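Worksheet: one structure, shown below.
The values are calculated or read from the model by the stated rules, or taken from the named source; none is laboratory data. Only a predicted model underlies this, so the values are computations on that prediction, with no experimental measurement involved. As a convention, Cβ positions derive from the backbone with ideal geometry for all residues, glycine included, and neighbour counts pool all protein chains shown. All accessible areas refer to the heavy atoms of the entire protein, side chains included, with ligands and DNA or RNA removed. Shrake-Rupley method; radii C 1.70, N 1.55, O 1.52, S 1.80 Å.
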Amino acid sequence: MPGTPSNFHGVAVVLGDRGVLIAGPSGSGKTGLGLALVAHARSFGWFGRFVADDQVFLSACHGKLVCAAPAAIEGLAEIRGIGPRAIAFEPRARIDLLVRLAGRVQAPRFQEAESEMLEGCATPCLTLSGDDRQAALF
């Protein structure tokens, strides 16, 4: 059973059988990256869906990090310049990777294996420049 969820500022998507949590400052491109990843997965015939946009409820379940969208924003993604739009979504997902968006100077050029503790779960973490989305597609 999941514990009491905490609210996390980010975007969560499911790509195939993996969950990805995207974090970063407001305006850093979290939603855009999430949309691009879902579209990329689908272009290969893989499963790709949004779980949550902007706010994600995180909790631990049997030692795994899980996420869900708050009911008020479930099934919505805010498209910059357009506003909230209905989108196909999954109600929850296990998170396998945390992607942190940072400025070009803060994002390392080459990365060592990293993890971050979220809700008591060690989660693999990748730091990318918010304006360098193609790196997340590989």
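Some observations on this one:
- Qualifying residue in segment 84-100 (condition: β-branched (Val, Ile, Thr), under 21 Å from LEU126 (Cβ atoms), surrounded by 17 or more Cβ atoms within 10 Å (Cβ to Cβ) and touching a residue at least 60 places away in the same chain (Cβ under 8 Å)): yes
- Filter pass, SER43 being of a type in the set (Gly, Ala, Ser), within 22 Å of LEU101 (Cα to Cα) and more than 11 Å from the chain's Cα centre (by Cα): no
- Count - residues of segment 74-95 that are over 26 Å from GLU116 (Cα atoms) and among the basic types (Lys, Arg): 2
- Note on segment 42-53: residues that are touching a strand residue (DSSP E or B) at 6+ places or on another chain (Cβ under 6 Å) and at positive phi amount to 0.
- Check on ALA107, at pLDDT below 90 and assigned to a loop (DSSP other than H, G, I, E, B): yes
- From SER115, SER59, residue being assigned to a strand (DSSP E or B), in contact with a Pro (Cβ under 6 Å, 6 or more places away or on another chain) and open to solvent by less than 30 Å² (accessible area, probe 1.4 Å): SER59
- Check on GLY29, within 14 Å of GLU119 (Cβ to Cβ), in contact (Cβ under 8 Å) with a residue 24 or more places away in the chain and in contact with a Lys or Arg (Cβ under 9 Å, 6 or more places away or on another chain): no
- Residues that are closer than 14 Å to ALA88 by Cα and not small (Gly, Ala, Ser), drawn from segment 38-49: VAL38, ARG42, PHE47, ARG49
- Taking the listed residues ALA71, ALA39, the one that is among the small types (Gly, Ala, Ser), more than 26 Å from ALA113 (Cβ to Cβ), touching a strand residue (DSSP E or B) at 6+ places or on another chain (Cβ under 8 Å) and open to solvent by 50 Å² or more (accessible area, probe 1.4 Å) is ALA39, with no other qualifying.
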